[in-house]
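The values are calculated or read from the model by the stated rules, or taken from the named source; none is laboratory data. Here the structure is a predicted model, which means the values were calculated and not measured. Positions of Cβ are backbone-derived with ideal geometry, glycine not excepted, and every protein chain shown enters the neighbour counts. Just the protein is used for accessible areas: all its heavy atoms, side chains included, with ligands, DNA and RNA removed. Shrake-Rupley method; radii C 1.70, N 1.55, O 1.52, S 1.80 Å.
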Amino acid sequence: MTNVLPDRRIEHDWTNRQIPPNVTWGDGFYCESAQSFLHFKGKRELAVEFGNHVSVYAASQLAVGPQGHVKIGDFTLLVGALLTCESEIEIGSHCLISWGTGIADSDFHPVAAAQRRIDAEALAPFYEGKPERPIEAVKSRPIKIGNNVWIGMNAIVLKGVTIGDNSVIAAGAVVTKDVPPNTVVAGNPARFAKRLSS
Ligand SMILES: CC(C)(COP(=O)(O)OP(=O)(O)OC[C@H]1O[C@@H](n2cnc3c(N)ncnc32)[C@H](O)[C@@H]1OP(=O)(O)O)[C@@H](O)C(=O)NCCC(=O)NCCS
């Protein structure tokens, strides 16, 4: 059972948009609106894989780049989360990902000042002298989130981070380093707050 219709539109959706063909889902998949794929540019044969009973609510966005791959495990809920994926984002099962959470496996722009200027010009839609984007200077690293992880409102998970099973990311935390299993982290940058019994 799912609320996605055979033509990949969503039942009672306010937009006529379809879920892209390289997105798959399991039994019990619920998606509030195909608008969640507004910024989807995935070109891989399989760009997004949703497991069984995954729910995608509210203004969640799957902004997947041409080479991006997202995998989301069974019973995971995304509520107004933004996933920006240039390489790989894997989220386990039974995860709760709250309002305003950002999960970004790439910086999307170079850190070096001169290259950032070029990138800004390259991204200007109507600029005729557009240079090539300095993509090779942009850092991207896969993100792996384990099973039964809860990410609170407005938290941010940055490139290269692995979060262990059963851990909790406090509201507003900015996670720049790996989080072990059964651990609460909080703050910016996120630091150990307490250990959970498993
Ligand atoms: C700021 C940023 C570009 C730095 O990337 P980087 O040069 O690869 O830096 P590192 O990951 O090596 O981090 C350097 C230090 O800054 C800290 N740090 C990095 N980003 C941080 C952030 N957003 N908040 C707090 N601390 C941060 C790291 O923990 C590290 O601390 P340490 O020296 O104590 O170990 C990157 O972390 C970032 O925030 N990228 C933006 C992602 C984003 O918003 N993408 C969408 C853009 S459209």
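Details
- Selection within the range 32-89: residues that are assigned to a strand (DSSP E or B) and of a type in the set (D, E). The member of this set that is farthest from I10 (Cα to Cα) is E88.
- Residues that are of a type in the set (G, A, S) and more than 16 Å from the ligand (Cβ to nearest atom) within the range 77-105 comprise G80, G92, S93, S98, listed in sequence order.
- Sole residue being over 26 Å from A170 (Cβ atoms) and either touching a helix residue (DSSP H, G or I) at 6+ places or on another chain (Cβ under 7 Å) or open to solvent by 30 Å² or more (accessible area, probe 1.4 Å) (or both), chosen from Q67, Q61: Q67
- The range 145-185 - residue that is in a strand (DSSP E or B) and more than 16 Å from the ligand (Cβ to nearest atom) and, of those, farthest from G80 (Cα to Cα): T183
- The range 77-89, residues that are within 13 Å of L62 (Cβ to Cβ) and among the polar types (S, T, N, Q): T84
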